[in-house]
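The values are calculated or read from the model by the stated rules, or taken from the named source; none is laboratory data. Since the model is a prediction, treat every value here as computed from it, not as a measurement. Here the Cβ is made from the backbone with ideal geometry for all residues, glycine too, and neighbour counts use every protein chain on show. With ligands, DNA and RNA removed, areas are computed over all heavy atoms of the protein, side chains included. Shrake-Rupley method; radii C 1.70, N 1.55, O 1.52, S 1.80 Å.
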Amino acid sequence: MGAALEIRNLHVNVAETGESILRGVDLTIKQGEIHALMGPNGSGKSTLANVLLGNPAYEVTAGQIIFDGKELLEMEPDERSRAGLFLAFQYPVSIPGVTVANFLRQALNARMKAQDPGSKGIPVPQFARLLRSKMDQLEMDHSFAGRYLNEGFSGGEKKRAEILQMATLDPKIAILDETDSGLDIDALRIVSEGVNSLKGPDLGVLVITHYQRILNYIAPQFVHVMFRGRIVENGGPELALKLEETGYDWIREKYEVTE
Amino acid sequence: MVVVRRRPGAAVAPGYTQANVEALSAAHDEPQWLLESRLMAWDIYDDLPMPSPQDEEWRRTDYRSIRWDEADKLIEANGANVQTVPAANLEPLVGSGEGGTMIFVDGKLVKYEFAPTMADQGIIFQDLRTAARDHAELVRKNLMTRAVKTTDGKFAALHGALWTHGVFLYVPHGKAAELPFHVVMYNSQPGASLGHVLIVLDEASQATVQVEYASAQADTHSAYIGATELLVGDGGNLKYVALQDWNRESYEFSHQRARIGRDANLDWVIGVMGSRLTKAYLELELDGIGANGRMSGFFFADHNQMFDLDTQQNHNAALTTSDLLYKGAAKDHARTLWQGMIKSQPDMQKIDGFQACRNMLLSDTARMDAIPGLEIEADDVRCSHAATFGTLEQEPVFYLMSRGIPRPEAELMVIEGFFDELLDRIPFERVKERLQASVEGKIVG
């Protein structure tokens, strides 16, 4: 049976201010499924993505997350990653002095060492071949490997670098947080093709987006709408199309009153 | 000399006398001119008071914890040989061989190699004392006359009077030393050492030099009172790397100055890792039109270390450029201070000077200060400075962790990344790797 990510009644505050962001989120994503999480800006979508990976900027006040049978909230961010969870960040930070290649090799080696403490890690030639083939797939110039991570990258380059990491780390469940934002149509196509090439029975994807646009490339089976920290609508691809046509006003009207 | 006692056994100044100077010079059978120059320096030393916290340059750096009664004992070679030197310091800089190698242990030259291809070009690479005999005119003309002067301060004067050992490199007109020169000054015993580096590049010549300072662990105090003189003639090109890793009971007081001629270039990298306290003056004199100097420095202070790096970029001619980037980290109770000054002489137009000091504080109890300064007396110039302070940011650490990298490694990567830009300026890959490892040691240790 494939791995599942089960989010149950999740409540989250901003750690520093105590401001409540998520107010009871329920969502289950299984390997092999493609989900879309939509919603107006500020509804809590990115917060959910960050909480799933354990960003210390947020504090979980109630609820539970089970990933592949394990209590996710008790795991450190690195353990979550090694367990097969991946987040393509909306705003990846730049890390001066750390090259893309060095970083990805360390990430792979950390996986190998976690499984076998005596592991010497991936041999350099094998890693170089792997990285080159993944970069080719994403139409990335090989010089990318030697650049400092996200330092001076354009918006599109950052997003491609995120998908490159996803392709290299081979997760069970991947969350794409607004990966389409700021991309021109060519970059969107390349990034989407990259994601699609990874799709299959072993990969579950949660596409977080404000717009329908990326869903034309990465077709979801399930669509969820988040508003004010809760998932308020669940449906199929038709729900995304409806939002594309009508916008989020009806969501606001329907659920604002319940506040 | 009157030695003021603060408490029994605690001297406020080294206990040297003129007899020490005479004895040192006689022991090495030095030429008369050298003895005379030492005695002149002694007179200056004798006249000057010890620096005190009332002096502006010393206001933030209280070195008075030094026990001079231990630290002033001039180290004498006791037969320790090259085998006492850590393997890392002995490792060649590049695989293709070195132009010359000099290893000093306790001030004594214990290993000396000089490639015949270099000697054939008329390049001189000798220990300073031998050079003072064999090439008296050349040494006499340049030793503490043009760059570091005995009048620069108490410790510069003391150095002039009592320097114990040194290296002399001379590259004649139009010659390029294609292989690097490698000098190690290692002390196996505690006490005082006064090492000198004198590099003279004649017109349109070129060289790359790395000097490493280190010492064995000791329970008693040591003093290193050093001078570095880099003289780059018109059209010359010098790459100079100096790495310091004294033991934690050592106090360094050093004067380092470079003079750059017309259209000449200096690429000057320093690394400060060791010592209990370091007070270094690092000064760039851009003398010729079109002279360029790049000063790069990295430092990492931990435990109770105190580093005080005092830099100057002096634009003494038009169309000169200088670019300084120092990057440091401090943890535990360590303190660091960088004071930088860019100066231009009046009416030196079209100069371009930049200085930046970037600091990473790794504990709440460490303290880092950076004081940039500009004194510009011309109007058509481009000079700017920057000083930044940060801590280890959690956002990049989280990002790396979210890819499966455990926290300790993630933190290491971010801190090493901070230094990478500087370590990249070291022209030797192996040395860069060694320094990465020592940065790692400090982070983890």
(message) Give me the percent relative contact order of chain A, please, defined on Cα pairs under 8 angstrom at least 6 residues apart.
(response) 28 percent
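Where both partners of a DSSP beta bridge lie in chain B, what percent of those bridges are antiparallel, to the nearest 5?
Numbers: 12 of 146 bridges.
In chain B, approximately 10 percent of DSSP beta bridges are antiparallel ones.
What is the magnitude of the charge dipole of the range A:4-255 about its Cα centre, with +1 placed on the Cβ of each Lys and Arg, -1 on the Cβ of each Asp and Glu, and no other charges, expressed in debye to the nearest 20? Walk me through the numbers before you get to the answer.
Values: 27 positive and 33 negative charges, 102 e Å.
Dipole about the Cα centre, nearest 20: 500 debye.
Over the range B:1-114, calculate the relative contact order: mean separation of alpha carbon pairs under 8 Å at least 6 apart, over the residue count, as a percent. Provide the component values of the computation, followed by the final result.
Working: 87 pairs, mean separation 24.7, N = 114.
With pairs under 8 Å counted, the relative contact order is 22 percent.
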(message) With a 1.4 Å probe, what is the total accessible area buried between chains B and A, in Å² rounded to the nearest 100?
(response) 1900 Å²
(message) With the cut-off at 28 Å, tell me which of the pairs B:LYS343/B:LYS442; B:LYS154/B:LYS350; A:LYS159/B:LYS331; B:LYS73/B:LYS111; A:LYS134/B:LYS331 have Cα atoms farther apart than that.
(response) B:LYS343/B:LYS442; B:LYS154/B:LYS350; A:LYS159/B:LYS331; A:LYS134/B:LYS331
(request) Have a look at B:THR228, B:PRO92, A:GLY121 and report the one farthest towards the positive end of the charge dipole of the protein assembly as shown, computed about the Cα centre with Cβ charges (Lys/Arg +1, Asp/Glu -1). (result) A:GLY121
(message) Taking each residue in B:390-396, count the Cβ atoms of any other chain within 10 Å of its Cβ, then average. What number comes out?
(response) 3
(message) Between helix A:100-115 and chain A, what is the angle of the helix's C-alpha long axis to the longest principal axis, kept within 0 to 90° and rounded to the nearest 10?
(response) 80 degrees
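Taking beta carbons within 10 Å but only from partner chains, what does the mean come to for residues A:94-101? Working shown, then result.
Numbers: counts 3, 11, 7, 12, 10, 2, 0, 0.
If you average over the peptide's residues, the count of other-chain Cβ atoms is 6.
Excluding ligands, DNA and RNA, what is the solvent-accessible area per residue of chain B at a probe of 1.4 Å, expressed in Å²? Don't skip to the end; give the middle numbers.
Values: 16880 Å² over 445 residues.
Counting only protein heavy atoms, the per-residue value for chain B is 38 Å².
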(request) Considering the options B:HIS165, B:PRO53, A:LEU53, tell which one lies farthest towards the positive end of the dipole of the protein assembly as shown, charges being +1 on Lys and Arg and -1 on Asp and Glu at the Cβ, about the Cα centre. (result) A:LEU53
(message) Using a probe radius of 1.4 Å on heavy atoms only, what accessible surface per residue do you get for the range A:179-248? Whole Å² is fine.
(response) 43 Å²
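Whole number please: convex hull volume per residue, Cα atoms of the range A:39-87, in Å³.
Numbers: hull volume 4.5 nm³, N = 49.
Hull volume normalised by residue count: 92 Å³.
Once the Cα gyration tensor of the protein assembly as shown is found, what semi-axes does its equivalent ellipsoid get, as square roots of 5 times the eigenvalues, in whole Å, sorted largest first? Don't jump to the answer; show the numbers that get you there.
Numbers: eigenvalues 726, 131, 114 Å².
Rounded to whole Å, the semi-axes are 60, 26, 24.
For chain B, what's the relative contact order in percent, using C-alpha pairs closer than 8 Å and at least 6 residues apart?
Details: 1133 pairs, mean separation 42.9, N = 445.
Relative contact order of chain B: 10 percent.
If you average 1/r over every pair of different alpha-carbon atoms in the range A:155-259 and take one over that average, what Kirkwood value in Å do you get? Could you put the intermediate results ahead of the total?
Working: mean 1/r = 0.0676 Å⁻¹.
Result for the range A:155-259 stands at 14.8 Å.
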(message) As an exercise, find the ratio Rg/Rh for chain A from alpha-carbon atoms, using the Kirkwood inverse-distance average for Rh.
(response) 0.96
(message) Less than 17 Å apart at the alpha-carbon level, and either on another chain or at least 8 residues along: which aspartates and glutamates does that give for A:LYS242?
(response) A:GLU233, A:GLU253
(message) For the range B:18-288, place one equal point scatterer on every Cα, skip the solvent, and apply the Debye formula. What is log10 of I(q)/I(0) at q = 0.10, 0.12 Å⁻¹?
(response) -0.47, -0.70
(request) Summarise the accessible area of the protein assembly as shown (1.4 Å probe, protein heavy atoms) by the percent that is carbon and sulfur. (result) 48 percent
(message) I want the antiparallel fraction of DSSP beta bridges within the range A:4-255, as a percent rounded to 5.
(response) 60 percent
(request) Any chance you could check the range B:398-432 for residues losing 50 Å² or more of accessible area when the partner protein chains are in, compared with the chain on its own (1.4 Å probe)? (result) B:PHE398, B:TYR399, B:MET401, B:SER402, B:ARG403, B:GLY404, B:MET413
(request) Kindly tabulate the residues in the range A:49-79 with an accessible-area decrease of at least 50 Å² between the chain alone and the assembly of all protein chains, using a probe of 1.4 Å. (result) A:ASP78
